[in-house]
Amino acid sequence: MSRHRTKEVKTERLRKYRPDIQGLRAVAIMMVVSMHCGILDIHGGVDVSFVLSGFLIGSQLFAEIEKTGKVSLTKFWARRFRRLTPPMAVVIVGTAALAWIYGSPLKFRDFMADGLAASLSFMNWRLVETGTDYFANDGSQSPYQHFWSLAIEEQFYVVAPLLLVAVVWVSRLIFRNRALVALFLMAVIGGSFYLGWSQTPENQPLAYFSTHTRIWEITCGVLLALAAPLASRMNRGVAAVVSWLGLGTVLVTAMLITEHTPLPGYAVAGPVLGTVMVIAGGCANPGFGAERLLDNPVLDFVGNVSYGWYLTHWPLLVLWPSITDREFAFQDRLRVAVLSFLVAVVLHYAVERKFKKNVQWVARPWKGVFTGGFTTAGTAGAMVLATIIPLNLATAPSGSTLGVGFTSQASVEDAVHRTQLSATVQSALQDTPKNFAEHGCIDDFEVKKFEMRDGCVAGDPKGRKTLVLMGDSHAWQWNDVYHEIGKELGVRVVTIAKGGCSPQVYRIINPNVNRAYTECDSWRESAFAELKKIQPDVLVIADRARREANRAGAETSFKVFKETGAKLVYMTDTPQPGQNVPDCLATHIDNISLCNRKQWQALEYPEFRTMEREVAEKYGAEIIDTTPAFCAVDICPAVIGDQVVYFDNSHITSTYSKTLKPFLKPALEEVLDKA
């Protein structure tokens, strides 16, 4: 069909149907699905889609303005509603059903809040508010997360016709042409690009998801639509070269971008520029342009179902491990890509086409607007109702209390063989994600300087001796048990901790902004200065084992620690559970052994753990090996006694840490006696 259309219009330049754009739409969705599913490390598909949307919508609006001098908002919004809203509603509600059946009950309400944001087209701002890392791979993703880009496009659809009509009218009034429109669009592109580029190092979630930092990509398409008549006059030989260079630019720059590239920054300019070149070259309808490759039945079909594929692949990807109840292998990624494509085909023919081509709604646009509004309101209402239904969690019998956690190594060994979750622990699961340390302090990612404050002091504030607990969040997680030990021994406990920041001098890449963690470097220097002021009797070092570790950095820090004159203690890092433990337990109540982890897996980066321990011993530090409190017979259980060990995918719960007082207190007493 595509090739037939191409032959029919081979002598025309500006065309209503562009096979190259249809093919590029297919390329964009294949890039997105391949990247999300981990099949190919190729980025930029969403950026390509933004430009395509801007060009197509801009072309429609400018054509209508040129013909009538105005835009029929009813017809414009009806077209958008007919195409976008029904498939979106089906996927949002269907995802909610899958999340209820297979997902963690602990996350269900958050997911439904995300579904509400998706249905009302402000998912991008919800992700900004929660500081979501789009490339996180720790089980924190929402099945509605991908609606961020649709939200930006839909916000554009609401504002664009109003704004363009106003700017066109003013431009004709002043210049008698569209010069002001072009200047306005270029200003939007320049300003938005600058905001995205400048915000990326400071606040990556804001730069990545917000409308004002991404709208320049859509506006590039709108500006190209305005310039399409000029681009159509391009020499066809030159146009062919431009289109091929554009396609090459899209693919090459997309492969150069990785998950470690600060995005959006300036990196997304590559796919955007390449898409502009493909479209601009195609405006002249060259005989041997990139359209020769992009115009084929396969890409034409993929382009037709691209919207449905975008909607369906991400929820299946996020929920697939829960649906299959096994570790996510590469074969599962391929299965998700194929299955979501098949679902998209059904969605396209059963829903999308029927609404898009409904004769009555085309003839009576107000019906399309009403249907879209009703569908949106109904979907949002369903999400609100879903947030208030009771969670599928057991409640504890009346008068029941939580049992003990760690009592001895035997309690850990007993936990290894446990398969069912008691009703007592089930009742505590809902609150487990908030079961973290209440005492001591920890600085957030953006803090650049440690400042001593009352909240950092625990234990006995008037104690004769001072113990400093220093490190990252894997030091902070011990605060409550240190607080109790400090009170009993009459010791002042001071916490010096910063999230994701090792006290040892390593160059760390902050995953929140995909760049060097410079805030950690400056904070660490100020923390070292504060240590010298405090002059602690005992200094306890605890941090997460990380791949950035190196002997030179460890040596540098332990020299500083030694110079304080304090007795040094090095706590080995706690085992890593490898998944969000409360979520796992909530979905495997009858077989909690699935939430346990092999010890050799949980003690990640063993070579770096060994290196840090060797350096600590070299500088005279006492070693507290935490592993026996968490692992036995090569297994690290998720529940020990009647205590959930971790409140997320990394940190131990406050209640479990308190049960470790008999494990820690004798070692700390011995060190304090020597201080």
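Exactly one residue among ILE652, ILE635, ILE624 is surrounded by fewer than 23 Cβ atoms within 10 Å (Cβ to Cβ), within 28 Å of GLY459 (Cα to Cα) and touching a strand residue (DSSP E or B) at 6+ places or on another chain (Cβ under 7 Å), and that residue is ILE624.
Within the stretch 59-87, the set of residues being of a type in the set (Phe, Trp, Tyr) and more than 33 Å from the chain's Cα centre (by Cα) comprises PHE62 only. Which of the residues that make up the stretch 575-616 are among the acidic types (Asp, Glu) and either assigned to a loop (DSSP other than H, G, I, E, B) or touching a residue at least 40 places away in the same chain (Cβ under 8 Å) (or both)? ASP583, ASP590, GLU604, GLU612 - these are the residues of the stretch 575-616 that are among the acidic types (Asp, Glu) and either assigned to a loop (DSSP other than H, G, I, E, B) or touching a residue at least 40 places away in the same chain (Cβ under 8 Å) (or both). On the stretch given as the stretch 196-220, residues that are buried (at least 24 other Cβ atoms within 10 Å of the Cβ) and closer than 20 Å to LEU52 by Cα total 11. Against the test of being more than 32 Å from the chain's Cα centre (by Cα) and within 21 Å of ASP573 (Cβ to Cβ), the options VAL457, VAL468 yield a single qualifying residue, VAL468. Residues of the stretch 539-574 that are farther than 20 Å from ALA667 by Cβ and part of a helix (DSSP H, G or I): ARG551, ALA552, GLY553, ALA554, GLU555, THR556, SER557, LYS559, VAL560, GLU563. Figure legend. Inter-residue proximity from the stretch 321-348: first residues of a type in the set (Phe, Trp, Tyr), second residues surrounded by 14 or more Cβ atoms within 10 Å (Cβ to Cβ), beta-carbon distance below 7 Å, spacing 6+ or different chains. Indicated pairs: PHE328/TRP320; PHE328/PRO321; PHE341/TRP309.
Just checking, does the stretch 231-250 include any residue being of a type in the set (A, V, I, L, M), assigned to a helix (DSSP H, G or I) and either outside the structural domain of SER34 (by TED's automatic domain parsing) or within 26 Å of GLU64 (Cα to Cα) (or both)?
Yes, some residue in the stretch 231-250 is of a type in the set (A, V, I, L, M), assigned to a helix (DSSP H, G or I) and either outside the structural domain of SER34 (by TED's automatic domain parsing) or within 26 Å of GLU64 (Cα to Cα) (or both).
Applying the selection to the stretch 47-84, what residues are in contact (Cβ under 8 Å) with a residue 24 or more places away in the chain, surrounded by fewer than 23 Cβ atoms within 10 Å (Cβ to Cβ) and β-branched (Val, Ile, Thr)? The answer is ILE65, VAL71, THR74.
Taken together, the criteria exclude PHE108 from residues that are surrounded by fewer than 23 Cβ atoms within 10 Å (Cβ to Cβ), modelled with pLDDT under 95, under 14 Å from the mean Cα position of the chain (by Cα) and hydrophobic (A, V, I, L, M, F, W, C).
Have a look at LEU226, LEU230 and point out the one that is crowded, with 16+ Cβ neighbours inside 10 Å and touching a helix residue (DSSP H, G or I) at 6+ places or on another chain (Cβ under 9 Å).
Exactly one of LEU226, LEU230 is crowded, with 16+ Cβ neighbours inside 10 Å and touching a helix residue (DSSP H, G or I) at 6+ places or on another chain (Cβ under 9 Å), namely LEU226.
Of a type in the set (Val, Ile, Thr) and touching a Cys at 6+ places or on another chain (Cβ under 7 Å), is that true of VAL252? No, not satisfied.
The values are calculated or read from the model by the stated rules, or taken from the named source; none is laboratory data. Computed from a predicted model, the values in this text were never measured in an experiment. Here the Cβ is made from the backbone with ideal geometry for all residues, glycine too, and neighbour counts use every protein chain on show.
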